[in-house]
Amino acid sequence: MTAIVAKPRRPWFGPHFRLHLGMSITGVVVGMALLSLVWTPAPPTKMRIAMKLKPPLESGLAGTDQFGRDIFSLLMSGAWNSLSIAVVAIGIGVVAGVALGTTAAAKRGFIEEIIMRFADVVFAFPAVISAIMIAALIGSGATTPIIAIGLFNIPVFIRISRALAQRVWSNDFCLAAQAAGKGAFRITTDHVLPNIAGGIAIQATIQIGLAILVEAGLSFLGLSLAPPSPSWGRMLGDAQTYLSQAPWMAIAPGLAVAIAVLGFNLLGDGLRDKFDPRTEGGA
Amino acid sequence: MAGILLRRLGSFTLTLLIASLLIFVCMDLLPGNAAAILLGTAARPDTIAALEQQLGLDQPAYIRYLTWIAGAFIGNLGESASYGVPVGGLIAERLAVTLPLAAMALFIAVAIGVPMGVWAAARWRKAPDRIASGFAQVGIAIPDFWFGLLLILTFSTTLQWFSAGGFPGWQTPLGALKSLILPAVALALPQAAILIRVTRSAVLDVSGDDFIRTAQAKGLTEGRILWRHAVRNALVPIVTIIGLQFSFLIAGAVLVENVFNLPGIGRLAFQALSQRDLVVIRNVAMFFAGLVILVNFLVDLSYLWLDPRLRARR
């Protein structure tokens with residue numbers, strides 16, 4: 001047991017190892033995504049049947065798929081698609097969630113009860129299930145994962161922004177602002193929001209990673225961007241058919257997803273370590 | 001005690017009702033009427049009208065909602081448009097695959113995640129902690145369905161120890177169990193990774209508490225302090241996360257069932273989508289949402305048992 005209460009030792013890597021590793025990985029992923037807008041090694045959607053199912057290095061860095069498309073170029077364009085869907089979806093979650101969460105903290109009582117009950121209900125719908133319902137109504141396309149992932153993230157941000165806002169509201173400066181005659185809305189915009197923005201940003205970073213993971217799953221099922229738009233999840237779906245013939249088709253896109261998610265998670269954890277050291281290595 | 005139970009039960013029922021209303025509004029009232037979706041864009045208006053009548057869509061919305069809810073209580077959820085059989089039976093049949101799969105995955109995740117988390121906490125900032133935390137960090141980032149593909153690649157295609165998918169049915173119990181092993185492992189990986197992190201930080205959280213010092217002063221062994229005192233008190237956050245993660249377990253099951261070609265509920269939902277079978281989608285969505293709500297309700301109740309202090313309050 002002594003081990004648990006032992007004095008913290010300086011870790012063998014730098015104090016902000018996770019932050020720096022996360023920043024580097026995210027930087028590479030975002031850089032690749034942006035680069036794909038102006039340049040890829042080969043046109044990502046161009047089919048070259050003569051070059052189909054070539055292993056890595058024989059044609060391109062990561063080989064070619066069943067239509068002879070360059071997998072590395074597909075991965076780069078896929079990064080852009082995956083990131084932009086994740087960022088828009090989390091944006092929806094943050095805006096709606098923070099608005100409702102801070103309202104719940106400011107108004108208390110009946111309104112808070114309704115908002116939290118709403119959060120419980122929406123949280124009961126895993127993104128895959130809402131995506132299937134949405135796809136049944138509007139078909140697949142970028143909108144389906146954006147709505148499904150955005151919706152699932154609203155309760156996530158309601159809960160965290162309410163908890164953070166409650167902490168701010170218990171401060172003396174909020175009491176002083178109330179005494180000065182400021183209303184709940186003004187106090188929220190002037191005092192609560194600036195104080196919770198950091199915590200929200202950290203959580204949003206982690207949720208973007210999770211959104212990339214979920215989007216890959218949805219597009220694996222064909223519930224996201226339609227072909228020929230490159231998408232990591234659909235590449236994995238195609239790869240399943242050629243698993244024994246062309247295993248590299250299955251390995252590269254999954255690795256891309258894992259690296260991107262790992263980068264955002266490390267970045268989020270690292271930011272939390274730096275700015276909120278109380279929750280060392282927390283969940 | 002009874003008061004707390006009743007209140008929790010009340011909010012559980014309310015959440016279920018709102019969820020069912022939400023599904024009903026999405027699937028039944030929003031544009032794109034069920035009959036038109038089912039028949040496709042080329043259908044003639046009179047064909048659509050005839051099907052509407054057959055499906056009961058010509059009745060007012062509140063009647064349709066009440067019929068659905070009342071049907072749920074007597075086990076009549078309507079008929080699947082594409083399978084032509086009652087949806088209730090269809091779901092029950094598929095449950096025989098999904099429930100054992102989820103249970104196996106949860107078992108594997110707890111069996112790996114909790115001991116590794118405790119190990120990491122006990123050797124805080126030493127090599128075991130680094131290994132367990134690194135494993136957790138990577139495990140969370142790996143998509144479960146991709147891990148499933150890698151398992152197929154390794155154990156089916158290359159080593160040929162397992163079949164690459166499919167389900168022989170429970171008539172051959174051993175074969176059925178064997179076909180669920182790889183999918184359960186794939187599904188368990190991210191869950192185990194999360195449990196490592198939560199267990200680790202929960203045990204670390206309580207390790208500075210007075211009762212741990214008392215236990216040390218009594219001269220108890222390290223193992224006994226760790227498992228009887230630290231882990232026992234860390235159970236509330238661990239169980240909470242198992243409950244919160246349940247919705248991810250279900251989402252993962254939809255994907256993993258599709259990777260391994262397992263005839264479970266997740267695959268049913270996906271097939272229903274390609275058949276535009278709204279009755280099945282609506283009921284499967286309600287089933288999943290209801291399950292998540294139920295699990296969170298049970299987790300809520302388990303606090304009363306895990307943490308006797310809560311029983312006295314309120």
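Given a 10 angstrom Cα cut-off, can you work out which residue in A:S219, A:S84, A:S244 is the most mobile in a GNM of chain A?
Among A:S219, A:S84, A:S244, the largest GNM mean-square fluctuation belongs to A:S244.
What would the Debye equation give as log₁₀ I(q)/I(0) for chain A at q = 0.14 Å⁻¹, counting only Cα atoms as equal point scatterers?
Evaluating at q = 0.14 Å⁻¹ gives log10 I(q)/I(0) of -1.03.
How many partner chain Cβ atoms sit within 10 Å of a residue's Cβ in peptide B:13-20, on average, as a whole number?
Averaged over the peptide's residues, the number is 3.
Using only the alpha-carbon atoms, what does the stretch A:159-246 span along each of its principal axes? Please give whole angstrom values in decreasing order.
72, 21, 15
At 222 nm, what value in deg cm²/dmol follows for the protein assembly as shown if DSSP H runs of at least 4 each add -39500 (n - 2.57) and the sum is divided by all its residues, to the nearest 500?
Working: 24 runs with 422 residues, N = 597.
Estimated from H runs of four or more residues: -24000 deg cm²/dmol.
Could you give the nm distance between label points at A:Q66 and A:F110, where each point is 7 Å from its Cα heading toward the beta carbon?
5.9
Go from 0 up to the bin containing the longest alpha carbon distance in the stretch A:69-185, width 5 Å each, and give me the % of pairs per bin.
Values per bin, smallest distances first: 2, 12, 15, 17, 15, 12, 9, 7, 5, 4, 2, 1, 0, 0.
Using a 10 Å cut-off on Cβ atoms, rank the peptides A:133-139, A:42-48 from the highest mean neighbour count down. Before the final figure, lay out the partial values.
Values: A:133-139: 19.9, A:42-48: 15.4.
In descending order of packing, they fall as A:133-139, A:42-48.
Please give, to one decimal in nm, the separation of the simple spin-label points placed at B:Q275 and B:D307, each 7 Å out from Cα toward the Cβ.
Between B:Q275 and B:D307, the label points sit 4.6 nm apart.
Mind checking which of A:A127, A:A252, A:A180 has the largest fluctuation in a GNM of chain A, springs on alpha carbons under 10 Å?
A:A180
Can you tell me the alpha carbon radius of gyration of chain B divided by the globular rule-of-thumb value 2.2 N^0.38 Å?
Here the Cα radius of gyration is 1.21 times the empirical estimate.
Compute the distance in nm between two label points, each set 7 Å from the Cα along the Cα-to-Cβ direction, one at A:M23 and one at A:I49.
In this crude label model, A:M23 to A:I49 measures out at 5.1 nm.
Can you sort A:E113, B:E52, A:E58 so the residue with the fewest Cβ neighbours within 10 Å comes first? Numbers along the way, then the final one.
Values: A:E113 12, B:E52 17, A:E58 9.
With the sparsest Cβ surroundings first, the list reads A:E58, A:E113, B:E52.
Taking a ≥ b ≥ c as the square roots of the Cα gyration tensor eigenvalues, with a/c under 1.5 meaning rounded and otherwise prolate when a/b beats b/c, else oblate, which class fits the protein assembly as shown?
Since a/c stays below 1.5, the shape of the protein assembly as shown is classed as rounded.
Who wins for biggest fluctuation among B:G78, B:G139, B:G56 in a Gaussian network model of chain B, springs between alpha carbons below 10 Å?
Answer for the Gaussian network model of chain B: B:G56.
Above 17 Å lies some portion of the pair distances; for the stretch A:95-142, what is it as a whole percent of all C-alpha pairs?
49
Kindly provide the pair-distance distribution of the stretch B:140-223 built from C-alpha pairs, with 10 Å bins from 0 and whole-percent values in order of increasing distance.
15, 28, 20, 15, 15, 5
Strictly greater than 11 Å: what percent of every Cα pair in the stretch B:130-171 meets that?
Pairs farther apart than 11 Å: 70 percent.
I'd like the mean, over residues of B:246-254, of how many other protein chain beta carbons sit within 10 Å of each residue's own Cβ.
Values: counts 2, 8, 6, 1, 3, 11, 3, 2, 8.
For this peptide, the per-residue mean of nearby foreign Cβ atoms is 5.
Laboratory data are not the source of any read-out in this text; all were calculated from the coordinates shown. Everything numeric here is computed off the predicted structure, so don't read it as measured data. Note that each Cβ is placed from the backbone with ideal geometry, even for glycine, and that neighbours are counted across all protein chains shown.
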